[in-house]
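Below is one structure; the comments refer to it alone.
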Amino acid sequence: MKKNKTVQRKNSDNDCQITDEKSSKLITRIIPKKESIHPFLKRIEMFHEITRKRPEHYPYPYSENSQNKTVIIMIPQDIEKEAQVLARQGRKPEAMLQIMNLTGIGLSVAKDYIDSLL
């Protein structure tokens, strides 16, 4: 029986953990929630939340830690790499949308997540 491997490393402000589960590697990122968001971004996020179509179930749902004011996101390594490539090509909105559709996170957290990949 194979044991799950866990490797932790510090990546700027975000903790990153790689877990090997059944030959698919999940990346766990802990994104700190910002205390204040730019008013324009806040309005866009409110509008987006109202108009966004949400599925009943997300493949990789996120979780929030209210004590630390952080969001914990776990996605496969290959999807994170794909989002990173999109962001580096200047296609941040596509990368954000991909992560939002997989996890259910909001616009500002998705932006912070993609920024943590660069």
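Any read-out appearing in this document is the output of simple, stated calculations on the displayed coordinates, not a laboratory observation. None of the values given here were measured: they were computed from a predicted structure. Every residue, glycine among them, receives a Cβ derived from its backbone with ideal geometry; neighbour counts consider all protein chains shown.
Computed values, structure above
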item: Ranked by how many other beta carbons lie within 10 Å on average, peptides 72-85, 49-62, 96-109 from highest; result: 96-109, 72-85, 49-62
item: The stretch 27-41 residues near the modelled residue 115 label - backbone nitrogen below 12 Å, point 7 Å along Cα→Cβ; result: 32-38, 41
item: Stretch gain in nm, segment residue 84-residue 40, where the contour uses 0.36 nm per residue and the Cα spacing is subtracted; result: 13.3 nm
